[in-house]
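The values are calculated or read from the model by the stated rules, or taken from the named source; none is laboratory data. None of the values given here were measured: they were computed from a predicted structure. Every residue, glycine among them, receives a Cβ derived from its backbone with ideal geometry; neighbour counts consider all protein chains shown. Ligands, DNA and RNA are stripped out before the accessible areas are found, and what is left, the full protein with its side chains, is counted by its heavy atoms. Shrake-Rupley method; radii C 1.70, N 1.55, O 1.52, S 1.80 Å.
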Amino acid sequence: MLKRQLGACVTFFPQPTTLIATQNGEGEVNLMMASWVGIVSKTPPTIAVSLNRDRHSYANIKANGTFSVNVVPAKMAQAADACGLASGKKVDKQKLTGLEVSPGTLEGVSLVDESPLNVECRYLSETELGDYRLVFGEIVEIHACEEAFNEQGEAVVKVFDPLVYLGGMREFWSLGKKDADAYSAGLALLDKD
């Protein structure tokens with residue numbers, strides 16, 4: 001396959017589309033669209049979010065010590081994009097988008113009701129990366145919508161319908177079909193030995 005060099009940039013995809021929900025000292029909720037998000041440890045369960053140090057959400061996390069990461073389904077693309085375009089310093093994003101929140105189990109955590117998967121986090125630490133801060137959050141609880149489980153209690157992935165962001169191209173895409181089972185598809189190659 002012939003390759004083209006793109007230089008040092010942030011063209012990497014897919015990235016998850018999430019809404020970071022934070023609260024300020026008065027309990028006012030801010031929603032920020034973020035795609036630089038990922039699980040970074042299983043023991044202890046930890047998620048990392050990269051935020052610009054000047055963002056309202058970053059200030060809220062530092063002041064409050066808690067936040068949530070909310071998976072965005074494809075049907076919420078417009079609302080999520082608006083939450084990324086507007087500043088929480090100037091705009092009430094819940095009023096702008098019509099999104100609702102409910103309290104999490106941690107004090108000061110809000111969960112986006114329309115999100116099928118919510119991750120409650122407690123601030124652990126951060127790493128400075130230029131103008132950005134890689135914020136590490138201890139995963140305290142994960143909430144998944146009941147509709148995403150069948151009668152046997154197995155997850156029905158299509159219900160989550162996660163929206164992905166193509167960094168560098170500035171496009172949102174929904175996922176297609178399941179192509180393989182992780183931790184087993186590659187066994188056929190390993191069994192050849």
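The set of residues in segment 148-164 that are part of a strand (DSSP E or B) and modelled with pLDDT under 90 contains only 155. Scanning segment 128-164 for residues that are open to solvent by less than 60 Å² (accessible area, probe 1.4 Å) and polar (S, T, N, Q) yields a count of 1. Look at residue 57 and say whether it is within 16 Å of residue 138 (Cα to Cα), in contact (Cβ under 8 Å) with a residue 12 or more places away in the chain and open to solvent by less than 20 Å² (accessible area, probe 1.4 Å). So residue 57 fails the test.
Restricting to segment 177-186, name every residue that is exposed (fewer than 10 other Cβ atoms within 10 Å of the Cβ) and farther than 30 Å from residue 82 by Cβ. Don't jump to the end; show me each part of the working.
Residues of segment 177-186 that are exposed (fewer than 10 other Cβ atoms within 10 Å of the Cβ), as a first pass: 177-184.
If the condition is that a residue be exposed (fewer than 10 other Cβ atoms within 10 Å of the Cβ) and farther than 30 Å from residue 82 by Cβ, then 178, 179, 180, 181, 182, 183, 184 are the ones that fit.
Might you check whether a residue that is touching a residue at least 12 places away in the same chain (Cβ under 8 Å), part of a loop (DSSP other than H, G, I, E, B) and touching an Asp or Glu at 6+ places or on another chain (Cβ under 8 Å) occurs anywhere in segment 93-103? First the steps, then the outcome.
Of segment 93-103, the ones touching a residue at least 12 places away in the same chain (Cβ under 8 Å) are 93-94, 96-101.
This time we only want the ones that are part of a loop (DSSP other than H, G, I, E, B), so: 98-100.
Cutting the leftovers down to touching an Asp or Glu at 6+ places or on another chain (Cβ under 8 Å) gives us 99-100.
Yes, the conditions are met somewhere in segment 93-103.
Taking the listed residues 176, 130, 167, the one that is modelled with pLDDT of 90 or more and of a type outside the set (Lys, Arg) is 130, with no other qualifying.
Given the criterion in contact with a strand residue (DSSP E or B) (Cβ under 6 Å, 6 or more places away or on another chain), assigned to a loop (DSSP other than H, G, I, E, B) and small (Gly, Ala, Ser), identify the matching residue among 88, 84. Talk me through it step by step, then tell me what you get.
On the way: 84 fails: assigned to a loop (DSSP other than H, G, I, E, B).
Within the list 88, 84, the selection yields 88.
Can you tell me which of 63, 86, 8 is touching a residue at least 12 places away in the same chain (Cβ under 8 Å) and either over 14 Å from the mean Cα position of the chain (by Cα) or open to solvent by less than 60 Å² (accessible area, probe 1.4 Å) (or both)? Steps first, answer last, please.
Working: 86 fails: touching a residue at least 12 places away in the same chain (Cβ under 8 Å); 8 fails: touching a residue at least 12 places away in the same chain (Cβ under 8 Å).
Result of the check over 63, 86, 8: 63.
When you look at residue 68, is it out of contact with any strand residue (DSSP E or B) (no Cβ under 6 Å at 6 or more places or on another chain), in a strand (DSSP E or B) and not acidic (Asp, Glu), yes or no? I'd like the intermediate steps shown before the answer.
Numbers: out of contact with any strand residue (DSSP E or B) (no Cβ under 6 Å at 6 or more places or on another chain): no; in a strand (DSSP E or B): yes; not acidic (Asp, Glu): yes.
Answer is no for this residue.
Scanning segment 96-113 for residues that are surrounded by fewer than 16 Cβ atoms within 10 Å (Cβ to Cβ) and at pLDDT 95 or above, which turns out nearest to residue 73 (Cα to Cα)? Checking each candidate, the answer is 113.
Against the criterion of being touching a residue at least 12 places away in the same chain (Cβ under 8 Å), open to solvent by less than 50 Å² (accessible area, probe 1.4 Å) and among the polar types (S, T, N, Q), residue 174 does not qualify. Taking the listed residues 39, 47, the one that is within 15 Å of residue 142 (Cα to Cα) and open to solvent by 30 Å² or more (accessible area, probe 1.4 Å) is 39, with no other qualifying. Look through segment 25-36, keep the residues that are surrounded by 16 or more Cβ atoms within 10 Å (Cβ to Cβ) and farther than 19 Å from residue 170 by Cα, and return whichever of them is farthest from the chain's Cα centre (by Cα). The qualifying residue farthest from the chain's Cα centre (by Cα) is 29.
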